[in-house]
1. For G208, all conditions in the list (1) in contact with a helix residue (DSSP H, G or I) (Cβ under 9 Å, 6 or more places away or on another chain); (2) in a strand (DSSP E or B) hold save one; what is the number of the exception?
2. Determine which member of the set V214, V166 is part of a strand (DSSP E or B) and within 30 Å of Q34 (Cα to Cα).
3. I'd like to know if the stretch 189-198 contains one or more residues that are more than 15 Å from the chain's Cα centre (by Cα), part of a helix (DSSP H, G or I), of a type in the set (A, V, I, L, M) and buried (at least 19 other Cβ atoms within 10 Å of the Cβ).
4. Go through (1) at pLDDT 90 or above; (2) surrounded by 18 or more Cβ atoms within 10 Å (Cβ to Cβ) and name the single condition F60 misses.
5. Out of the residues in the stretch 180-217 meeting the condition of being in contact with a Leu (Cβ under 9 Å, 6 or more places away or on another chain) and of a type in the set (D, E, K, R), tell me which one is nearest to P89 (Cα to Cα).
6. Considering the stretch 170-181 alone, what residues qualify as being assigned to a loop (DSSP other than H, G, I, E, B) and surrounded by 15 or more Cβ atoms within 10 Å (Cβ to Cβ)?
7. When both residues are 6+ apart or on different chains and their Cβ atoms are under 9 Å apart, which pairs have a first residue that lies in the stretch 187-212 and is on the phi < 0 side of the Ramachandran plot and free of Cβ contacts under 8 Å to residues at least 24 places away in the same chain, and a second that is surrounded by fewer than 22 Cβ atoms within 10 Å (Cβ to Cβ) and not hydrophobic (A, V, I, L, M, F, W, C)?
Amino acid sequence: MAETIVLGTRGSELARAQARLVEKAIQTLRPELQIETKIIDTKGDKTKAVDLRAGRKGLFTAEIERALLAGDVDVAVHSAKDLPSETSPGLEIAAVLSRAQISDALISKHPRGLGSLPRGAAIATGSVRRRRQLLWQRADLRLIDLRGNVPTRLRKLADNDWDAIVLARAGLERLGRSPARNEISFEGRRFFSETLPSEIFLPAGGQGIIALQVRNNDQTTTAIVDLVNDRETLLCLRRSESFCVC
């Protein structure tokens with residue numbers, strides 16, 4: 001019987017896309033493996049009452065970690081920026097895929113970027129970090145809380161009288177929505193994209209990194225994920241969990 005490993009992930013479109021990247025990477029090197037994916041609802045997914053302004057660490061990972069500890073899954077697939085700085089007892093980040101773009105992107109109804117937005121423009125984001133960095137650049141901005149996955153956020157931009165939202169470029173690219181000539185088409189709407197320079201808009205720690213978490217006593221699975229590990233990216237993540245932008 002072929003060996004089977006089970007990946008655990010959130011159910012968002014982006015999380016599923018990331019799990020598929022992990023599956024493809026492993027099967028390229030171990031084609032005989034059977035790989036299954038189990039979708040796990042997290043606290044951050046289940047309720048809209050969670051206030052992300054208090055911090056998102058653990059909101060999208062704790063339930064997946066519990067499934068991993070219980071043996072319901074063999075590998076937890078996380079967006080590294082969602083992980084708490086402290087690793088849960090009995091678990092370890094054993095591997096990461098090659099890092100994608102680390103920068104944030106301004107997705108706007110206006111061309112020419114942040115500097116050309118009208119005074120008092122409304123920008124939606126659920127990130128405390130992004131809110132503060134936006135206000136450092138434009139104290140006149142009106143900031144609006146934003147929740148939801150990437151398509152939901154783009155849809156809200158289309159449906160509301162907001163001027164722009166801020167998203168991670170890595171997420172856009174993994175969903176096949178890389179800006180073409182600084183433009184994005186979504187459900188018949190055209191938006192303009194500006195990459196916010198990381199020298200000014202410091203990305204979240206671990207942004208653009210897909211982390212593979214295993215039980216630290218599971219040597220078989222550890223050896224499997226090590227095959228796809230980008231050691232330079234893992235070293236970067238381990239050296240600075242908070243603000244690693246290397």
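The values are calculated or read from the model by the stated rules, or taken from the named source; none is laboratory data. Every value quoted in this text rests on a predicted model; they were computed, and no experiment measured them. Backbone-built Cβ (ideal geometry, glycine too); neighbour counts: all protein chains shown.
1. The one condition G208 does not meet is (2).
2. Every option except V214 fails the conditions.
3. So the first thing to find is which residues in the stretch 189-198 are more than 15 Å from the chain's Cα centre (by Cα), and the list is 189-198.
From what's left, part of a helix (DSSP H, G or I): none.
Checking the stretch 189-198: not a single residue is more than 15 Å from the chain's Cα centre (by Cα), part of a helix (DSSP H, G or I), of a type in the set (A, V, I, L, M) and buried (at least 19 other Cβ atoms within 10 Å of the Cβ).
4. Tallying (1) at pLDDT 90 or above; (2) surrounded by 18 or more Cβ atoms within 10 Å (Cβ to Cβ), F60 fails exactly one: (1).
5. Residue satisfying both the conditions and the ranking: R215.
6. Across the stretch 170-181, the qualifying residues are L175, R177, P179.
7. Listed by first residue and then by second, the contacts come to R190/K109; R190/E183.
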